[in-house]
Structures are given as C-alpha cells and as structure tokens.
Amino acid sequence: MFGFNVDKVRKDFPVLNEKIIYFDSACMSLKPKQVVEKMNEYYYKYPACSGRSGHKLAKQVENEVDLARREVQKLIGAGSSEEIIFTKNATEGINLVANAISWEKGDEVIVSDKEHNSNLIPWLKLISQGVVVKVCKGNEDGTFNMKNFKDCFSKRTRLVAIVHVSNLDGVENPIAEIVKISHEKGVWILVDGCQSFPHKAIDVRKLDVDFFAFSGHKALGPTGVGVLYGKKELLNKLNQFIVGGQTVLDSTYEGYDEELPPKKFEAGLQDYAGIIGFGEACRYLKNIGFREIEKQERKLNELATSLLNGKVEIIGPLDAALRGGIFAFNIRGMKTHDVAKMLDASKGIAVRSGAFCVHSWFNARKMDGAVRASFYFYNTEEEVKIFAKEVEKICELV
Amino acid sequence: MVLCLIALPIFAILGIFSVKYRRLVVESLECLFKTVTFQKCKSGLDDRIKSQITGKMLKFSPSAARFFYANYKIISLILLIVFIWSGWVGGVAIYNYVVYGNCNGPDSDKFCILDPTGAGSATCEIPSNVGGGEVITPVKELNRPLIGNEEAELTIIEFGCYVCPYTNEAEGTVERVLEYYGGRVNLQFIVYPLPGHEFSYESSMASKCAEEQGRYEDYHRALFAREMNFNNSTFIEIAAELGLDVGQFETCMLNNTYADEIEKDKAKAIAAGVKGTPTFFVNEQIIVGPKPFKTFKTVINGELGLSWWTKFLDR
C-alpha cells in the first residue's frame, strides 16, 4: 500500500547492520526479527506439545501450529490445511513421496538435468527397486526443452519430479505446461519449489501440481522446517513413510490404524517453535508481497548482469529477467572457491561456490562448479555495485 | 602446498587453545603427508590461505593483491625459508636460554627476548676506547693466588670488580660452584677497577695489599661480604678484622704499591676481549654476566667431561 522500502525492511534483519553483504539467500535466507521473536514466544510462553495433552499450554501450541499450517495453505493456495505436511525440509518431503509410493519394477520417474541432489538422489535410490530414472535434458542456455520432456514419457512413467526454479541458474521451468502434459499422460507430478516459493507467488491449485515441496529456511523461516503439499486424494493413497507417535489413530500388539493426512505423515513430536516461526515468516512474506520481491530481485540481477556481463562467464541465459535472483558465474582461470573466499575476505560478501548440490549438471559438463550470488528483497543496488566492483578486481588478478 | 608446511606448526600451536584450528592441523598434516609422498595435496588449504590473503589485500591495494596473487608460489617459498630459518634460530635461542640462561649463549650480553630485563647478562661496562688488538684467552697464572682448592682440575678465571653490582651478584653463584664441585674447580679472580666507580681502584689495591700478607682469599671474600658498602676506612677495618699488619697494609695502600700489577690486570682483560665485569673464562668457554648456576654447571660439566653428551661421545 505504501510501496516497498528496502531500507525499512533491512531493519528487520539485524545481521544486515553488520559489515556483511549477504548474497547467499538461495542457500539460506536471513530471518527477520519477527520470526525469531515468534519462535521465542513459543519457548517463553507455551513450550508444550501439540495434539496430545489437553491443558491450556498444549492447546495454545495446537492453535499456533494450526495457524501456521493455515498461513502456509493460504500462501500457496492449497485447498485445505490438511494438504500441508510439515517436514524437516524439502529433502524430507521429496523422500517422503519417493518412499510412500508403491513402486513396481519398471516404473519410470522423469527428472530434469538441473535437479538439486534433493530431487535426484531419492529417485536414483529407487533404481535398486527396479525403478528407471529418466533425465530430461534442457537447452544449452539452461531453459527447459519441452520436446525432450515429452520424449521422456512412456507407458511406464509413474511420476515427474521436477524443479520449479533452478538453484543453479535461476531459470524457471514452465510448470503449468509440464503439469498439463504430465496429467494428460496420467502421471503424477512433484515439484521442487525450494527456489520458487520464497520468491514468487505460488498457487498450487492453479498450477495443478500433485505434490509441492519446499524448505522454510530459504523463505525467512527457521532451519528444520519444510513443507510437502499434496493433493488430499493423493495423500490418502500414499503409504506411510516414517511412523510412530501421532501417525496412528490406535494400536494393538498386532497392528495399528493409520491417521489421516497430515498427521499420517508427521511422526513424533514436531519442531513446534520452527513451525510457528515459519508461520510468521509466511505472514511476513505476504506483507511484503511477492510482486515487490520479484521486482526487487529482478532489478538487482539486471544491475549485476549489466555491470559484469562480458567480464565473467554467466551460467544460464544472459537475460537477467530469466534468472530470478540468481547470478551464477565463473571467472576464467580462477577456482570458484578462491573467488568466493576473496569476496568474503575483501568486503564481507557472502556468496556460494562449488556445485550447489547440482553435481550431476557440472559433472556432465566437466566443470568444477561456479560462484553464485543469490539476491533477495533485502539486498540493495549499492550492495550489488560493491559486489560487481570486487568481482572486477578479482578478474584483474588473472 | 608450501604454506601447508608453515601452517602445520602454527595451527598445531593454535589448536592447543582452540578446537577450530585442529581441523586445519589435520588438513595440514594430510597435505604434508601427500607432499613427502610426492602426491598432489588436495586439501585446498593453500588455495584458501592464498584467497584469504588476496581478498584482504584487495581491500587496501588491488595492485599489491595482483602482485601477491601472481607471485604467490615464490612468496610462499621465501616465507617457508624464513620460517625454517627463524625456527632454527628460535630453537637455538631457546636451547641457549635453557642451558646458559641467555638466548645468545653464555658469552653474550646482547638482548634476549626470553630475558627482557637482561638480568642474566648485564655487566659493568668496560669503556670501549681501551683495548683492541688480538684476543688472548687468559690461562691460569701460577703466581696468582687461587680461591678454592689449589689442586683443582679446572680453574675458572673471572674478570671482576668489587664495586660492580653484577660481579657482586655473581659472587654467590661462584661460591656455590666452588662448593658444588667439591675441590674439582677453583677460581682465579683478576680485578678490573672500573673508571668512575667510587672505591673501585682502592678495593682492587686493597686485595693486592692483602695478598702481600698471604691473606688474599680471606680479604677477597671479606670485600664481597661488604656488598659494596665501602668508605675511606673500610679497607683498613677489614685488614684489622682479618688480623693483618695494619701498618704494612696502610703503607701499601698509600704507596699504591701494586699500581703496575693492576694496570697489567687491566691489560689482560682488554687483551682477552672482556667488555664488562663479570666475565668468566672456563678454558675456551666464556660466560658473561651473573648467569645462573645451571649455566656454570653446563659449561663446567662439559669441560670436566661430566655432560651426558661428553659421556656419550666417550663411549
């Protein structure tokens, strides 16, 4: 309503007051004070368990967890809060699906060639059960190749597991079309939303995805909390993965009755402080607004690209608008970790270096990795200019 | 690879105090192992150090950073050489300090960081405008009185002054040495009256006058017992206390009977290259200043063949 004010926003992130330029939000976003305070509220005021005891504190936790679940539901446009399963992180959510489907020998899973290990290894692990993993190659500039994707399907295709926005180059895959094609073939689709949920408005019903997994720690939330969204009817069909307390309605020495989703999949005491904190993070994101977030990230990436294009080798398309908040690059003749270390040592610029858990993509190209600056709404143009200047200095070293 | 070698001992020391360095010690060790087995060091520790330093330099001087980055290997090699050299020098200094009480060895009065006050090496300086020429190591003189057992195997020759605080400080150690070796070691004291020190010359002359009456050793000890508290009547008083012929002693003092002898002693000190008092000669070994007992013990043991290494070599 009053417009986006980055200086005002930055006051919510105490770490930004120190001498640091934080460009590693694709790995871990910073946490606003509101989130930390909300988590502290749990520990100070109602540090009890949820869904078990009947006392006042327990009921308060139950209410707060329920509110957090509804915040997530609203933010991603899910039809019901029962479709929101809290996990440890996106990796656990994806593993849940991989382990909860009754696979048959010969079943096929399609993945893209830019999957994070979290959305690759769980499927590769199924190879030992006879599952076939098909890798759909993208275009040279990192964009999605729809023809290749279509060619990957067969009668045995059971699931498409694909990243929404790549953590490697920031390129967004055309999920709506991918979903449409998958559903036309009668195939379920799981989307890794780690790099999309924190940066753009998501509507899982509009996208019509079957499963959508993401982590809280990349979206202003605490570490140790993630979400798996699943369509209710599909969640009911899935087997249980991790079982124990809360996942059953009743048990005898001979057996047990399964709970309904989401409890069916949330075994044991949960990270209540984290879940409640993540609910607060969702409220914060909603207040900022994804339109403003996207706008700010694009502005920063366009600036970085204009300042450094031609001086470094950019990973992905040259058009910054296609790379969200990700600016991944290499300096010819210089090791990626060296560049990251120098940026850190010179101006306290925090970037990621290496393979960003997308080893498969780099290995296929015989590359060691890249340096990745990932921008978020709390970053400024001034910071990008300092970053670009330092990168230029490093370029001159070789 | 080169910096890993430097990093190992540094991180090993830091690792004693902080666990964060222990991981780096392991990396350095691994790197060292790879190096000595002619394998490529893959820890990346070298690169990280290089990048860290370059990054810090970029902040202040990009051109210096460029120079460092381009010449990293040669710079780190120079650093390694300096490191090994300083390690060697440091090791020798520590050895000297432990064995002789001074980083620079027993014959030095130069500054020692391990003994910043210089208490163990301080001397009463002999003016540098005297002396010169070839250095002659002093030897035991048959016609000079000895302190301690006359039949001793080893004679320490000391150049000292009765009014020099450092000579006085060393006196207790000297007496302990004579007692410790139970007659195997004695002392020949050559006096050097320091110019500008009150009663320096008088005390020197007094010891000579006492020698005339065969009571040198007693008088020598009596002078040190006064701990530099001398006045015009002190020397006569000591002579009287020791039962000397006071008249003869007084005449000796008034006539400066041994002025030539004293000058010869001074010349001996200069010829021996003595820069200050006290300076001790144990055969060819030199001890400068009021060094601790262990220093004397180490040197004397070596000369008497009592050192473990001497015994080892004799086997």
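Couple of notes before you dig in:
- Derived scalar couplings between HN and Hα for region A:233-241 equal 5, 7, 4, 5, 7, 5, 6, 6, 10 Hz in order, rounded to whole Hz, by the Karplus curve 6.51 cos²θ - 1.76 cosθ + 1.60 (θ = phi - 60°), x for Gly and Pro.
- Other-chain or far-sequence residues with amide H under 5 Å of A:Glu108's (modelled H): A:Val132, A:Thr157, A:Arg158, A:Leu159
- Where labels lie 7 Å past Cα in the beta-carbon direction, separation of A:Asn63 and A:Lys311 in nm: 5.5
- Each residue of region B:17-33 is assigned a 3J(HN,Hα), and the resulting list reads 9, 9, 5, 5, 7, 5, 4, 5, 4, 4, 4, 5, 4, 4, 5, 4, 4 Hz, derived from the Karplus form 6.51 cos²θ - 1.76 cosθ + 1.60 (θ = phi - 60°), x at Gly and Pro.
- Net dipole in debye of the protein assembly as shown [+1 Lys, Arg Cβ; -1 Asp, Glu Cβ; about Cα centre; nearest 20]: 4680
- Cα shape, chain A, gyration tensor, a/c 1.5 rule: oblate
- Chains B and A together bury some 1300 Å² of accessible area, summed over both sides, with a 1.4 Å probe.
- For A:Ile21, the residues whose modelled amide H falls within less than 5 Å of its own, excluding neighbours fewer than 5 places apart on the same chain, are A:Ile349, A:Ala350.
- Accessible-area composition of region B:124-314, carbon plus sulfur, in percent [1.4 Å probe]: 49
- Value of [θ]222 nm, deg cm²/dmol, for chain B, DSSP H segments ≥ 4, -39500 (n - 2.57) each, nearest 500: -18000 deg cm²/dmol
- Computed E for A:Asp319/A:Leu124 - FRET, C-beta separation, R0 30 angstrom, nearest 0.05: 0.40
- Where labels lie 7 Å past Cα in the beta-carbon direction, separation of B:Asp218 and B:Glu30 in nm: 7.9
- Interface residues of region A:367-398, defined as those losing at least 20 Å² of solvent-accessible heavy-atom surface relative to the isolated chain (probe radius 1.4 Å), are listed as A:Lys393, A:Glu396, A:Leu397.
- Counting only residues at least eight positions apart within a chain, or on another chain, the lysines with an alpha carbon under 21 Å from that of A:Lys311 are A:Lys299, A:Lys335, A:Lys341, A:Lys347, A:Lys385, A:Lys389, A:Lys393, B:Lys59.
- Listing of region A:314-358 residues, each with accessible area lower by at least 20 Å² in the full protein assembly than in the chain alone (probe 1.4 Å): A:Lys335, A:Asp338, A:Lys341, A:Met342, A:Ala345, A:Ser346
- Taking θ as phi - 60° and the Karplus parameters 6.51, -1.76 and 1.60, the scalar couplings of region B:147-154 work out to 10, x, 5, 5, 8, 4, 6, 10 Hz in sequence order, x denoting glycine and proline.
- Summing Cβ point charges (Lys, Arg +1; Asp, Glu -1) relative to the Cα centre of region B:2-100 gives a dipole of roughly 360 debye.
- Under 29 Å from the Cα of A:Lys155 - lysines, other chains or at least 8 residues apart: A:Lys105, A:Lys114, A:Lys125, A:Lys134, A:Lys137, A:Lys147, A:Lys180, A:Lys185, A:Lys206, A:Lys231, A:Lys232, A:Lys237
- Here region A:1-53 and region B:169-216 have alpha carbon centers that stand 82 Å from each other.
- Computed FRET value (nearest 0.05) for B:Phe60 with B:Ser233, which takes r as the C-beta separation and R₀ as 51 Å: 0.10
- A:Trp188 long-range amide H proximity, modeled H, under 5 Å: A:Val160
- Residues in region B:124-314 average 47 Å² of solvent-accessible surface per residue, probe 1.4 Å, ligands and nucleic acids excluded.
- Per residue, the accessible area of chain A comes to 43 Å², computed with a 1.4 Å probe over protein heavy atoms only.
- Shielding by partners, peptide B:61-71 (average Cβ within 10 angstrom, other chains): 3
- Taking 0.36 nm per residue of sequence separation and removing the Cα-Cα distance, the A:Lys286/A:Thr223 pair yields an extension gain of 20.7 nm.
- Estimated FRET transfer efficiency (B:Ile81, A:Lys385; beta-carbon r; R0 35 Å; 0.05): 0.25
The values are calculated or read from the model by the stated rules, or taken from the named source; none is laboratory data. It should be emphasised that the depicted structure is a prediction, and the values quoted were computed from it without experimental measurement. Every residue, glycine as well, gets a Cβ built from its backbone with ideal geometry; the counts of neighbours run over all protein chains shown. The protein model used for the area step is the full one, side chains on, heavy atoms only, and it has no ligands, DNA or RNA in it. Shrake-Rupley method; radii C 1.70, N 1.55, O 1.52, S 1.80 Å.
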